[in-house]
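The values are calculated or read from the model by the stated rules, or taken from the named source; none is laboratory data. Bear in mind the structure is a predicted one, so any value in this text is a computation, not a measurement. Cβ: placed from backbone, ideal geometry, glycine included. Neighbour counts: every protein chain shown. Areas reflect the complete protein model, heavy atoms only, side chains present, ligands, DNA and RNA absent. Shrake-Rupley method; radii C 1.70, N 1.55, O 1.52, S 1.80 Å.
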Amino acid sequence: MKAVIMAGGFGTRIRPLTSSLPKPMLPLVNLPIMEHILRLLRGHGFTNLVVLLYFQPQVIKDYFGDGSDWGVRIAYITPTKDLGTAGAVKAAQSYLDAPFLVISGDLLTDMDLAALADFHREKEAWVTLGLVSVVNPLQFGVVITDKKGRIVKFLEKPGWGEVFSDTINTGIYMLEPQVLEGIPEDGDFDFSKDLFPKLLGKGKPLFGYHGRNYWRDIGDPESYRQAHYDIFDGMVRVEIPGSKLDLVGRDVRVGYEVQIGEGVRFEGTVVLGNNTRIGDGAFLKNCVLGNNCSLASRARVIDGVVWDNVLVGYEAQVRGSVVCNNVKVGSAARVEKGSVVAEGCDVGKGALVREGVMIWPNKVLEEGAILTDNLIWGEKWKKRLFESAMVTGITNMDLTPEFVAKLGVAYGSTLPKNASIMTGRDSLRASRMLKRAFIGGVLSAGIHVKDLRLVPEPVLRYKLQSFGEVGGVVFRQSRETPSVTEICFYDTEGLSISTSQEKGIERIFAREDFRRVHPSEPGRISEIPKVVDFYREGFLKSLDRGAIKEARFRIVVDFAHGPASTLLPEMLGELGCDVVGINAYLEERAINEVKSVAKSLEGLSKIVVALGAQGGFRISPSGEELILVDEVGRVYQGTEALMGMSSLVVATHSPGTLVVPVAAPSVLEEAAVRKGFSLYRVPHGPRSLTEACRKGKVVMGASLGGGFVFPAFHYVFDALFALAKTLEMMARGKLSLGQARGMLPFSTFLHREVPCPWELKGTIMRRLSQDAADKEASFVDGIKIFFPSGAWILLIPDQVRSLFHLYAEAQGEAEAIELLDSYQFLLEGWKKGGSGDKGD
């Protein structure tokens, strides 16, 4: 039978292991990963092979040759450019005149490939995908099949709210030759993103074969180490090279010319390569040493993976880490768990490489040095830079000036040369420091910077919606943790950048494949002196100024020490408002925003009542979220702010659409429909909501956290405009805030957070999906289950933290609490591996 081995990837996520080797050639118990795949193929009758290459192709060709040493025939195809997974296989079409298998050359599996081929023939399928269940399906394509194994839906790398199964696409496929006709001759074309959805849409027979065998995507250094531990534990069947020593209770394999000194102790599984020497009194446990290694007396290697030509000195320790080719670990030095020492490095005598540190190739660690950060760019290793279009970290520890400069040049390298971006910041000195370092990196990539300096975010995002800039970046303090800085990235429409843009920046950052322009071509820094006037003009034009002036409002505004205090009082003055401002001075030091809110609202409420003001407002430091206080001091925050503002909208506007998150209360929908409005529910997250506000006759979009969008002005959260719009609606409807909120019915709306380990989220979502199968349910974002009483519960996995969000609405508090308790009980039971049933 024929098979195609995909062996052209760059191995970006697993760097620095792939600094000099293509990923399929990384050693796994002293054999290349791809050799294990080749042996698996041959064992299941696949002997006619095509290997698709791209990155460092000659290394793979030199090792495998024509395949005759392994009893197979190999043909090599090397495309001239990146064609995507399906496009690369299309390039081999002349070799594929019969059903064939596609498999990655850089994964570890013992799947029964012959059984997969038999299943494919029995089902008369065009395509059969190898499937497995995993604990964390987010990084893979989720596949949903019916009871007969026919595929009904694909979810390519979904968010937690879309995960309705933990069954994923392994990247192992059996295909009929005719499927290649649906692949274009040239251009980037992917199996899972492009070809399979296309065939599914045409009703072609696509099936999933659920392998019960072992499968692991070796995607990062942690997974690479874990693959070895799985082999040691016997979880996967692979060939381990070397002769087995006759030692009771220990599995020790040795190659040719291995020398073992006096008093050496072994535990667990140990693999020693050819010509390796172990000194007296050394200790080895669950580890691999490659060829030509030397382990000095009393040295220790525990749970370690050591490649070829490595010297480990006297009493040195390598524990739970990877040491690549041609490395010297000096006497009494320690390399701790989770770290990687790339090829050619010299770890000095007595030096310490702390847990999780990555050292890039050819670095020198001086004698006695303690390394706590990655040696290449001085920051903690992260699997991903971005979380929800932001890069966050502790200022001057995670986010150092040098790190941020590299982030700037990586971002600039994704943009067209000579393009322009805008930058802004809050009032903190830390934000100013990091922004300046970032700008230096951006300029080095040939990108111009229009620096707005201290600016409310809505002002910068409003300007982005005009013309001239391709993106914007804002530096601000985190609300939850004062020591953390958030770097927010926006696209040319003023929206949070997309996931694909995030990944583009991360890819360049990881490879350090930066664009470095000629010394005469760096970008320039300039200002936009009229940007506030531009915002003010649009702001005032979008309001009924006459109605607001006539009402002669007296209000209290808490500016939370944010930059909104520099421009909003003047604009409200033009609208005839008497404004009492509090916390209106700029603060350069970090403030615990979470702790200060409750105290600030208590004071704001008292001032509103004492002054007889018509209302109070608190604007978040970024200028994006708004909290309302009515004329008698009641605070409307979160969902209550959403209800009060929605009531004003339906009372004063012609029928249109309100855009809200899935979890928004149902009583809002009932009230809106009575007034001729429609309610459009979207997944949680600012980008989903703001994108939806650009469609149709949307009057307002609102989050559950006090973010409001009025598309008549612009399409992003803007607390400054939302405040003025509130006054306009109060004036036009002759309503107070309290009266407006009283026009909508009240219900009990509760939110609860339930801890859940990351590795169990996929399983929990699958169990929830099964539980909801016989109930009325919605799957827009998470799983929302409706009950005959009108109550409902929504369960959503958090995108960043290890927890589930549970939202419940009911007419009475007791019913809402009972729903939360009941489903929390289910989740706790499923986390423990039980049924989750309450029983009697």
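Structural remarks
- With Cα atoms as the point set, the radius of gyration and Dmax of the range 655-724 evaluate to 11.1, 30 Å.
- Of K148/K503; K123/K147; K81/K198; K202/K784, those spanning more than 25 Å from alpha-carbon to alpha-carbon: K148/K503; K202/K784
- Kirkwood hydrodynamic radius of the range 385-542, Cα pairs, Å: 15.6
- Pairwise Cα separations in the range 610-738 fall into 5 Å bins from 0 onward with the following percentages, short to long: 2, 12, 23, 26, 22, 11, 4, 1, 0.
- The Rg/Rh ratio of the range 1-152, with Rg taken over Cα atoms and Rh as the Kirkwood radius over Cα pairs, comes to 0.96.
- Here the 3J(HN,Hα) profile of the range 170-178, calculated from phi with Karplus coefficients 6.51, -1.76 and 1.60 at θ = phi - 60°, is 7, x, 9, 10, 10, 10, 7, x, 5 Hz, Gly and Pro shown as x.
- Highest-first packing order for the peptide set 782-788, 657-663, 431-437 is 657-663, 431-437, 782-788, based on the mean count of other beta carbon atoms within 10 Å.
- Each label point was placed 7 Å from the Cα along the Cα-to-Cβ direction; for S223 and S822 their separation is 3.9 nm.
- Cross-link table K90/K193; K775/K831; K450/K725, entries beyond 24 Å C-alpha to C-alpha: K450/K725
- Each principal axis of the range 547-633 carries a Cα extent, and these read 40, 27, 18 Å when sorted largest first.
- For the range 434-522, the spread of Cα positions along the three principal axes, ordered from largest to smallest, is 38, 31, 26 Å.
- Overall Cα dimensions of the range 694-795 - principal axes, largest extent first, Å: 51, 31, 29
- Calculated SAXS-style log₁₀ I(q)/I(0) at q = 0.10, 0.12, 0.14 Å⁻¹ - the range 223-333, Debye, Cα scatterers: -0.24, -0.34, -0.48
- Per-residue packing, averaged as other Cβ atoms within 10 Å, sorts the ranges 451-462, 680-691 into the order 451-462, 680-691, beginning with the highest.
- With protein chains left intact and a 1.4 Å probe, residues in the chain average 40 Å² of accessible area per residue.
- Per-peptide average of other Cβ atoms within 10 Å, ordering 528-539, 769-780, 624-635, 312-323 highest first: 312-323, 624-635, 528-539, 769-780
- Length added when fully stretched, K417-E759, from 0.36 nm per residue minus Cα-Cα: 119.0 nm
- Of every Cα-Cα pair in the range 485-639, the percent that sits beyond 19 Å: 68
- Membrane-span-like helices in the chain, defined purely by DSSP H runs whose alpha carbon atoms cover 24 Å or more axially and whose average Kyte-Doolittle hydropathy reaches -0.5, are 593-611, 813-831.
- Portion, in percent, of the accessible area of the range 13-107 that falls on carbon or sulfur, probe 1.4 Å: 49
- Translational diffusion of the range 175-277, µm² s⁻¹ [Kirkwood Rh, Cα pairs; Stokes-Einstein; 4 °C; 1.567 mPa s]: 70
- Accessible area of the range 311-433 belonging to carbon and sulfur atoms, whole % at 1.4 Å probe: 48
- In the chain, the calculated helix contribution to ellipticity at 222 nm averages -8500 deg cm²/dmol per residue, counting -39,500 (n - 2.57) for every DSSP H run with n ≥ 4.
- Normalised by 2.2 N^0.38 Å, where N is the number of residues, the C-alpha radius of gyration of the chain stands at 1.07.
- Computed magnitude of the charge dipole of the range 369-512 (debye, nearest 20; Cβ of K, R +1, Cβ of D, E -1): 200
- Two-decimal Rg/Rh across the range 317-432, once Rg and the Kirkwood Rh are taken from alpha-carbon atoms: 1.08
- Proximal aspartates and glutamates to K734, defined as alpha-carbon separation beneath 17 angstrom and excluding residues fewer than eight positions away on the same chain: D544, E550, D630, E631
- The aspartates and glutamates whose alpha-carbon is closer than 14 Å to the alpha-carbon of K363, local same-chain residues fewer than 8 away aside, are E343, D346, D373.
- Once the gyration tensor of the Cα atoms in the range 296-352 is diagonalised, the equivalent ellipsoid follows with semi-axes of 14, 12, 10 Å, ordered largest first.
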